[in-house]
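Visitor: Take a look at the following structure, please.
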Amino acid sequence: MTLIAGASLLVVALMLAIGGLLIQDSTGARQVFGWSFLLPNLGSTWNPVTGQFQGWSFIYGTLVTSLVAILIALPMSLGIAIFLAELSPGWLRAPLGTLIELLAAIPSVVYGLWGIFVFLPAVVVRAGAFLSETLGKIPLLQVVFMGQIPSSGASRLAAGLILAIMIIPTITAVSRDVFRAIPMAQREASLALGATQWETITRVLIPYGLSGILGAAILGLGRAVGETMAVTMVIGNSLQGSYSLLLPGYTMSSVIANEFAEAVSTLHSEALIEVALILFGFTLILNGIARLLVWKIGSRTVEEARA
Amino acid sequence: MQTISSTAGEVTSRELRQPQSPLVTIKGEPLPLTSSKFVLSDLAFYYGKVQALAGISITIPANHITAIIGPSGCGKSTLLRTLNRMNDLIPKTRIEGQVFLDGDDIYSPNVDVVDVRRRVGMVFQRPNPFPMSIYDNVSYGPRLYGVTKRADLDQIVEFSLQQAALWDEVKDKLTQSGMALSGGQQQRLCIARALAVEPDAILMDEPASALDPIATLKIEELMQTLKSSYTIVIVTHNMQQAARVSEFTAFMMIDQNRAGTLVEFGETAQIFTRPKNRQTEDYVTGRFG
Ligand SMILES: Nc1ncnc2c1ncn2[C@@H]1O[C@H](COP(=O)(O)OP(=O)(O)OP(=O)(O)O)[C@@H](O)[C@H]1O
Ligand SMILES: [Mg+2]
């Protein structure tokens, strides 16, 4: 008991220490740029030579790649989870489940390499060309689908798609466990009323597990927001004054990974640390929400079992 | 997932296919064919290789309450769940013989299991309301069947809750969660939910075993008011309950192969006062171990 309490205290202390350090070490940048660091402002707003630093491009890059990732990963993961937990024959569940968990354990640099050599040329380049021909012609959507995707495929779209693939295993595994935790009696109640299996899934099981599924999604989102290596390898790492998904971009984590070791001035490092602070806040909030939701469904299931 | 083997042969006439058990009488008169709800013919059931039911033939009369009694593990729940094909959900199970519902073999290949379950409702041992409002719990079934008009749903919800003797207690809090009710109220909510789809028959597996005596009494009274419109089959461990509520009683035991069999079936009064079988007598008089 004391050991567990001690360990969790240690974790809290560590979090506080990291947060404190980030705040302290970015003070200089905050004094110079203030809130303008966060203002929505694209273009050449990050210039180590002139000492101009604004974080918006990176914040946008992180947000948009994570959004693409979650929009694609959530429905797919939910489908796989439902198949695994409810539809697949018993003998298939264990091997498929293990496979999914293995996918979650692949190092992100491997995803990045696979992306560069296989996924980008084979899929992203084509998808990008298609999107710029179709959605790129629609007035409002133009903003995010304009321009020509580079021949390498390196773009925000590529990063979003790679992230989607990387977080599918996480979201799938957690949502599958959420479905597994739903008492058999709920399924029986629905089926005994003459519901089909599909009706039972959509009308009883998904609502029952909704907070858990949302928790899984946010957990995946948290991973997408913080993911560094694979994104750095496929996003192109360049600042352009455009919101387009089809062009190269930068994320908070990739700019830190790329520039920190070679920061040219104190202000430059301080600006990077401030980016890190924003990223830290993002992931902290996302994970907090996820834990809360997963815990909520967990306690509800326990209540049920006690009743 | 499961195989259904049917012994149905070439015989085409419904009367011929549906064997009539000579045991069934009402006040000494043989039961006319039309008033039987379920007819089970030489039913056997297997969980994997383990046989749980063997050679069960029984006719369950319509619009009456039939109790299934017997020692723990003799296959009462298994038998009950063959009547609405709930056992289909358990992998690697197998059934032999036939179960007729109003003359139709519910295990014949062209039967839609969803339709069977619409006609045969079920109430479980543990109340299992959905984590939705009371209103949504009761209207769940009707909505599945395509009732969408609010006024129609309102009417069904009120009528079902009244039938289940719960209306007065919940009419002011229909939007509250069904899980927030007491155990006895939850069970009546589950009964209302089953009634809302207007089934022909209702199966109850020890519906009061998780309830206190007052809630139990409420459920028993409820069953009496329901039997004029529904056929009720109830599994119970409680001999007094079987004697109190039911008009027919089936007594089951495990045979020498450890499979559940029907020992005796008859009017409840006869089973409890003049059992024909020695084992039945031992069981109902409490001499059974
Ligand atoms: N899902 C299952 N898988 C395998 N065997 C089962 C399963 N359910 C029941 N059995 C077995 O079938 C036999 C009959 O079980 P059943 O639940 O029908 O008995 P019961 O008469 O309802 O008992 P109780 O009065 O304790 O509820 C028992 O030997 C039991 O172990
Ligand atoms: Mg039982």
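The values are calculated or read from the model by the stated rules, or taken from the named source; none is laboratory data. Predicted model, so just to flag it, every value in this text is computed and none were measured. We place every Cβ from the backbone using ideal geometry, glycine too, and count neighbours over all the protein chains shown. The accessibility values were calculated without ligands, DNA or RNA, using every heavy atom of the protein model including side chains. Shrake-Rupley method; radii C 1.70, N 1.55, O 1.52, S 1.80 Å.
Visitor: As a test of the definition: with a 1.4 Å probe, what buried accessible area, both sides summed, do you compute for B against A, in Å² to the nearest 100?
Guide: Using a 1.4 Å probe, the pair buries roughly 1800 Å².
Visitor: Determine the shape class of chain A: with a ≥ b ≥ c the square roots of the Cα gyration tensor eigenvalues, call it rounded for a/c under 1.5, and otherwise prolate if a/b is greater than b/c, oblate otherwise.
Guide: Oblate.
Visitor: Suppose every K and R has +1 on its Cβ and every D and E has -1 on its Cβ; what is the size of the dipole of the stretch B:211-289 about the Cα centre, in Debye to the nearest 20?
Guide: Dipole of the stretch B:211-289, to the nearest 20 debye: 120 debye.
Visitor: Turning to a different aspect of this structure: Quick one: helix A:156-180 against the long Cα principal axis of chain A, what's the angle to the nearest 10°, folded into 0 to 90?
Guide: Tilt relative to chain A: about 30 degrees.
Visitor: Mind checking which aspartates and glutamates have their C-alpha under 14 Å from B:Lys227, skipping anything on the same chain fewer than 8 residues away?
Guide: Straight-line reach from B:Lys227, under 14 Å: B:Glu198, B:Asp200, B:Glu247.
Visitor: Between A:Glu270, A:Glu259, A:Glu199, which gets the highest mean-square fluctuation from a Gaussian network model of chain A, Cα cutoff 10 Å?
Guide: Its mean-square fluctuation being the largest, the pick is A:Glu199.
Visitor: Hey, another quick one. Please list 3J(HN,Hα) in residue order for the stretch A:257-272, calculated via the Karplus relation 6.51 cos²θ - 1.76 cosθ + 1.60 where θ = phi - 60°; whole Hz, with x for glycine and proline.
Guide: Values, residue by residue: 4, 6, 9, 4, 5, 10, 4, 8, 9, 4, 4, 4, 5, 4, 5, 5 Hz.
Visitor: Count the DSSP beta bridges whose two residues both fall in the protein assembly as shown, then state the antiparallel fraction as a percent rounded to the nearest 5.
Guide: Roughly 60 percent of the DSSP beta bridges within the protein assembly as shown come out antiparallel.
Visitor: List the lysines whose alpha-carbon lies under 23 Å from that of B:Lys276, not counting same-chain residues fewer than 8 positions away?
Guide: The qualifying lysines are B:Lys27, B:Lys76.
Visitor: Ok, one more. Got a sec to turn the phi values of the stretch B:253-261 into Karplus ³J(HN,Hα) couplings, 6.51 cos²θ - 1.76 cosθ + 1.60 with θ = phi - 60°, whole Hz, x for Gly and Pro?
Guide: These are the phi-based 3J(HN,Hα) values: 8, 8, 8, 5, 8, 6, 9, x, 10 Hz.
Visitor: If you don't mind, another one. Other chains' Cβ within 10 Å of B:110-122 residues: what's the mean?
Guide: Values: counts 0, 0, 2, 3, 7, 1, 1, 7, 4, 1, 2, 3, 5.
The shielding value for this peptide is 3.
Visitor: A further question on this structure: List every residue whose amide H lies under 5 Å from the amide H of B:Lys173, counting only residues 5 or more places away in sequence or on a different chain, with H placed 1.01 Å from N in the peptide plane.
Guide: Amide H neighbours of B:Lys173, under 5 Å, 5+ apart: none.
Visitor: Continuing with the same structure: Starting from the Kirkwood radius over alpha-carbon pairs of the protein assembly as shown, derive D by Stokes-Einstein at 10 °C in a medium of 1.306 mPa s and give it in µm² s⁻¹.
Guide: Translational diffusion coefficient: 56 µm²/s.
Visitor: Quick one: angle between helix B:134-144 and the longest Cα principal axis of chain B, in degrees between 0 and 90, rounded to 10, please.
Guide: 60 degrees
Visitor: Quick one: which residues, 5+ away or cross-chain, put their amide H under 5 Å from the amide H of B:His64? H built at 1.01 Å from N.
Guide: B:Ile232
Visitor: With only Lys, Arg, Asp and Glu charged, each at its Cβ (+1 for the first two, -1 for the last two), find how big the charge dipole of chain A is about the Cα centre; round to the nearest 20 debye.
Guide: 520 debye
Visitor: A further question follows. Packing-wise, with mean Cβ within 10 Å as the measure, how do B:271-277, A:271-277 rank, highest first? If you can, show how the numbers build up before the last one.
Guide: Numbers: B:271-277: 16.4, A:271-277: 24.1.
Result, highest mean first: A:271-277, B:271-277.
Visitor: Trypsin sites (Lys or Arg not before Pro) within the stretch B:71-147: which are DSSP loop residues with at most 16 other Cβ atoms inside 10 Å?
Guide: Hits after loop and neighbour filter: B:Lys92.
Visitor: While we're on this one: For the stretch A:159-307, calculate the relative contact order in percent as a whole number, restricting contacts to Cα pairs under 8 Å that are 6 or more residues apart.
Guide: Answer for the stretch A:159-307 is 30 percent.
Visitor: Kindly provide the Kirkwood hydrodynamic radius of the stretch B:164-238 in Å, to one decimal, from all pairs of distinct alpha carbon atoms.
Guide: 12.9 Å
Visitor: Cα axis of helix B:183-195 to longest principal axis of chain B: angle in degrees, 0 to 90, nearest 10?
Guide: Rounded to the nearest ten degrees, it is 80.
Visitor: Could you give me D for the stretch B:22-284, from Stokes-Einstein at 4 °C and 1.567 mPa s, where the hydrodynamic radius is the Kirkwood radius over C-alpha pairs? Units µm² s⁻¹, please. The partial results should precede the final answer.
Guide: Values: Rh = 19.0 Å.
It comes out at roughly 68 µm²/s.
Visitor: Residue by residue through the stretch A:134-149, what is 3J(HN,Hα) from phi via Karplus (6.51 cos²θ - 1.76 cosθ + 1.60, θ = phi - 60°)? Round to whole Hz and write x for glycine and proline.
Guide: 9, 5, x, 9, 8, x, 6, 5, 3, 3, 9, 10, 8, x, 10, 5
Visitor: Which cross-chain or sequence-distant (5 or more) residues have an amide H under 5 Å from the amide H of A:Glu227, H modelled 1.01 Å from N in plane?
Guide: none
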